[in-house]
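In what follows, a single structure is set out as structure tokens and then discussed.
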Ligand code: COA
């Protein structure tokens, strides 16, 4: 079996920097509150009309493809992870295929929110390992600024999120002699999990087809039985802010600090490693306090955990590839280093990937 390597990596963030103080124009919040609870100082917001989730993904992909030393026409499969697609359907994968004038290759969209990139990477890894594809483009991108409640009502969610994109090109590592050896370069293993018991704790309910099927006691939509067409998006849903993400922050925090360490240890144990073997942990940038908690629990040194949430906020599916790209550009990742990617988010879903760079 072949082993997949990241042959090229790229990232893109919009120019527009939005500080915590800038958000005070729209809502009752403060720089102190946001920094103390999340570690975030600023985030980027895409241009309202000229940038979309896909166009940001394209910019990150151009860099990743160039660094891999190939052209967009060499890509033979696209996997695009996002929760903020340009259209409800079709997905961003096909829009990227069109924008980059790629061949009529397969394009798959992944909807796993904060774990989206690790899930996408895992799917790509399987296609490479089996020899089905040779150049897979894996993208994580989000334009959150277009779909958040910037009034005081939505402040617990809207201050956290930012826009951006990251991308990698995955290829088979032709130089690998022993794919079972965990010292050869490439993706060593991936670990995926989900538990839908608390799906509504961090969710955007509408537009959707749920018709209050799952949560009977707390109506999530103005749904009139028997009336077709008006339950997908109604004025009442908009009046009740049900077209915005809904989050019970403390409940998410509690599960995140349990699942992050669990899935990191799972990846290390599966391959006979210890935390001391890790050169760098790149956690999904959900909240600096969550990353610090994970660091303490795993007894990792400061230089073993990468954080850039201060600059970009939580960019969901884009956060891991952006962080991985920055860490690599800053020279913090060198050939032979053991890197762990770990994510947790809405669903709940959580995942890890262990890489030998
Ligand atoms: N500015 C000022 N005050 C705010 C605020 C904001 N942006 N957002 C919420 N508050 C207020 C609340 O209204 C509440 O006020 P009250 O005590 O008068 O009712 C108070 O701050 C505390 O709210 P709480 O939600 O308990 O705060 P918290 O310490 O749990 O921090 C989060 C909130 C969202 C930062 C935190 O829960 C968190 O990060 N959770 C995980 C979220 C996450 O990672 N999501 C992505 C999944 S990957």
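Which percent, to the nearest 5, of DSSP beta bridges fully inside the stretch 4-172 are antiparallel?
On the way: 18 of 28 bridges.
Rounded to the nearest five, the antiparallel share is 65 percent.
What angle do you read, to the nearest 10 degrees and between 0 and 90, between the alpha-carbon axis of helix 249-270 and the longest principal axis of the chain?
The angle comes out at about 20 degrees.
Run the simple label-point estimate for residue 310 and residue 217 please: 7 Å along Cα→C-beta, distance reported in nm.
Distance between the two pseudo-spin positions: 4.3 nm.
Which of 145, 189 has the fewest other C-beta atoms within 10 Å, and how do the rest follow up to the most? Can you show the working numbers first?
Working: 145 23, 189 16.
In increasing order of surrounding Cβ atoms, one gets 189, 145.
Taking 10 °C and 1.306 mPa s as the conditions, I'd like the Stokes-Einstein D for the chain in µm²/s, using the Kirkwood hydrodynamic radius from alpha carbon pairs.
Numbers: Rh = 20.7 Å.
Estimated diffusion coefficient is 77 µm²/s.
Counting only C-alpha contacts under 8 Å and six or more residues apart, can you give the relative contact order of the stretch 4-172 as a whole percent? Kindly include the intermediate steps, with their values, before the conclusion.
Values: 377 pairs, mean separation 59.5, N = 169.
Dividing the mean separation by the residue count of the stretch 4-172 yields 35 percent.
With contacts defined as alpha carbon pairs under 8 Å and 6 or more residues apart, what's the relative contact order of the stretch 206-339 in percent?
Numbers: 118 pairs, mean separation 26.6, N = 134.
RCO, the stretch 206-339: 20 percent.
Determine the relative contact order of the chain: mean sequence separation of Cα pairs under 8 Å and six or more apart, normalised by residue count, in whole percent. Show your work: numbers first, answer last.
Numbers: 839 pairs, mean separation 89.0, N = 357.
Relative CO of the chain lands at 25 percent.
Would you mind listing how long the stretch 4-172 runs along its three principal axes, going by Cα atoms, in whole Å with the largest first?
53, 29, 26
Kindly work out what percent of the DSSP beta bridges joining two residues of the chain are antiparallel, to the nearest 5. Please report the intermediate quantities before stating the final value.
On the way: 36 of 52 bridges.
Expressed as a percentage, antiparallel bridges in the chain total about 70.
Against the longest principal axis of the chain, how steep is helix 288-298, in degrees 0 to 90 to the nearest 10, with axes from Cα atoms?
40 degrees
Could you sort the peptides 237-243, 89-95 by per-residue average Cβ neighbour count (10 Å cutoff), highest mean leading? Walk me through the numbers before you get to the answer.
Working: 237-243: 15.9, 89-95: 19.0.
Descending packing order for the listed peptides: 89-95, 237-243.
Of the residues 62, 219, 134, which exhibits the maximal mean-square fluctuation in a Gaussian network model of the chain defined by a 10 Å Cα contact cut-off?
Answer for the Gaussian network model of the chain: 219.
Against the globular-protein guess of 2.2 N^0.38 Å, express the Cα radius of gyration of the stretch 73-229 as a ratio, rounded to two decimals. Numbers along the way, then the final one.
Working: Rg = 19.3 Å, N = 157, 2.2 N^0.38 = 15.0 Å.
With N residues counted in the stretch 73-229, Rg over 2.2 N^0.38 Å equals 1.29.
Given the C-alpha centroids of the stretch 142-178 and the stretch 16-35, what is the distance between them in whole angstrom?
If you average the Cα positions of each part, the centres end up 20 Å apart.
What order, most packed first, do the peptides 51-60, 19-28 have when packing is the mean number of other Cβ atoms within 10 Å of each residue? Can you show the working numbers first?
Details: 51-60: 25.4, 19-28: 14.2.
Result, highest mean Cβ count within 10 Å first: 51-60, 19-28.
Taking other Cβ within 10 Å of each residue's Cβ, how do 3, 155, 289 sort, fewest first?
Numbers: 3 23, 155 19, 289 16.
Sorted ascending by nearby Cβ count, the order is 289, 155, 3.
P(r) for the stretch 207-357, please, calculated from all Cα pair distances in 5 Å bins and given in %.
Bins of 5 Å from zero give 2, 8, 16, 18, 14, 10, 8, 8, 7, 6, 3, 1, 0 percent of pairs.
On average, how much area does the Cα convex hull of the stretch 8-56 cover when viewed from any direction, in nm²? Mind showing how you got there, number by number?
On the way: hull surface 18.9 nm².
One quarter of the hull surface, i.e. the mean projection, equals 4.7 nm².
Be a star and scan the stretch 1-21 for residues whose amide nitrogen sits under 16 Å from the point 7 Å along the Cα-to-Cβ vector of residue 76.
Within reach of a label on residue 76, which here means backbone N under 16 Å from a point 7 Å along Cα→Cβ, the stretch 1-21 contributes 1-5, 7.
Among 210-217, 123-130, 101-108, what's the highest-first ranking by average C-beta atoms within 10 angstrom per residue? Intermediate results must be reported in sequence, preceding the final value.
On the way: 210-217: 11.6, 123-130: 18.6, 101-108: 14.6.
Result, highest mean Cβ count within 10 Å first: 123-130, 101-108, 210-217.
Just how far, in whole angstrom, is the stretch 232-279 from the stretch 327-357 if you go by their alpha carbon centroids?
16 Å
To test your reading of the geometry: what angle, between 0 and 90 degrees and rounded to tens, separates the Cα axis of helix 53-67 from the longest principal axis of the chain?
Helix 53-67 and the main axis of the chain meet at about 10 degrees.
We did not get these values from a lab; they are worked out from the coordinates using the rules stated. Note that the structure is a prediction, hence the values are computed from the model and not measured. As a convention, Cβ positions derive from the backbone with ideal geometry for all residues, glycine included, and neighbour counts pool all protein chains shown.
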